[in-house]
């Protein structure tokens, strides 16, 4: 409201001033005399002012017409002008609209529409670094792999988009299973962007699959340097790579270098069981049993494992069972309640034919945490103490239904391995094997565990003598269902020490 009042006052004042000026000019005497080619023209004061204003307007119009003429000539010549900038802005707007629609189509899963919009955006924008990326991804979505590969190759030719192009072709080669080419592309992508975490992981996995352990260790160090890997994880995986390198050296026959690599792997990760076993073997070959003993004791404290016990036994391979029991006290006095320690003690006493002590060592393990190994040990104890065959057979039959105990299992795909490896043989993941118990499963047999008395007979039947075995309800004799005497021989456990 106040501003409107001020504008009105200013307008009235301006009109008053103009009127005052016009009146002053009308009352003034004299004027302006102009002579043109002998002709004289006389203008009064007001006429002179109007003539000057008209002259200024005329000059301004002429200058604008001249500028328009020059701009037209420059436009026709292809130079940048206001008119060309107008058309460029219009084309750019249409191009970015098409690009936005293409991105929306790509996000919606409409590959063909996205390719069409990308082509339209390219016509308007002439920015291949933007439109080629959209075209490549849209072609992949639409299943046109040839078009996608051609577009990625175009991206490789541009410095700004070279990494994107290499990465796109890398993914295609991985999908095709061409690991040789994929490895070269991963190395090139890593050289362009060493901080890119996905590229680091792909390169590390491919190098591990190709057993390029030295290159994999360099990539792992780069991951640590650029902050994409925690230090403790780096130490563990570096130990895995060093151990794998040592295994390759064994195949090549270089024993000394193998020993050094194995010891290095153990120092990097003392809880890595295969590294501890190989390092202990290296110390044994060097004639350093005390170092091997110390190393295995430290590993056993962290994670008891049958391979550690086997390596500990290899330190003194020719000792008698009583001597072995005495020497193994250094190992078994730690983690006394661990199932592996209890089964190890039972095995040692079975080898010494001290079956009551073996039973005490095993304790209630077959009831609280039964595994195929602990149940088989109980069968050996029963056989050693002179129990009836049906009791021994009952334990052996039960060993079929219980868990096999901890095994090397991939954390990624749950695939079970017979022995440790740096790469999962099923999903090809790196450093995913862990010593743990697989998921429990039931044996596919009629009636499950309830059928065991029918298969192995009863204790009362055995006390009447094996020769008096009676047929079952189906008329099938127990002798036909039971394995032979040779088949029921109690075998030593897999990791007997």
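The values are calculated or read from the model by the stated rules, or taken from the named source; none is laboratory data. Source: prediction; values computed, not measured. As a convention, Cβ positions derive from the backbone with ideal geometry for all residues, glycine included, and neighbour counts pool all protein chains shown.
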Q | Conditions (1) surrounded by 22 or more Cβ atoms within 10 Å (Cβ to Cβ); (2) modelled with pLDDT under 90: number failed by residue 185 | A | (2)
Q | Residues satisfying the stated conditions in the range 98-115, i.e. touching a helix residue (DSSP H, G or I) at 6+ places or on another chain (Cβ under 6 Å) and crowded, with 17+ Cβ neighbours inside 10 Å | A | 98, 99, 101, 102, 105, 106, 111, 113, 114, 115
Q.
Cβ-Cβ under 6 Å, sequence separation 6+ or interchain: first residue in the range 381-401 and in contact (Cβ under 8 Å) with a residue 24 or more places away in the chain, partner buried (at least 19 other Cβ atoms within 10 Å of the Cβ) and outside any helix (DSSP H, G or I). Which pairs?
A. 390/457
Q: Read through the list (1) surrounded by fewer than 16 Cβ atoms within 10 Å (Cβ to Cβ); (2) in contact with a strand residue (DSSP E or B) (Cβ under 6 Å, 6 or more places away or on another chain); (3) at pLDDT below 90, then give the number of the only condition that residue 416 fails.
A: (3)
Q: Would you mind telling me which numbered condition in (1) closer than 20 Å to residue 293 by Cα; (2) assigned to a helix (DSSP H, G or I) residue 399 fails?
A: (1)
**Q.** Enumeration of residues in the range 297-343 that are touching a strand residue (DSSP E or B) at 6+ places or on another chain (Cβ under 8 Å), surrounded by 19 or more Cβ atoms within 10 Å (Cβ to Cβ) and within 16 Å of residue 271 (Cβ to Cβ)
**A.** 305
Q. Could you count how many residues in the range 386-413 are under 30 Å from residue 429 (Cα atoms) and surrounded by fewer than 16 Cβ atoms within 10 Å (Cβ to Cβ)?
A. 4
Q. Within the range 272-280, is even one residue buried (at least 16 other Cβ atoms within 10 Å of the Cβ), at pLDDT below 90 and not in a helix (DSSP H, G or I)?
A. yes
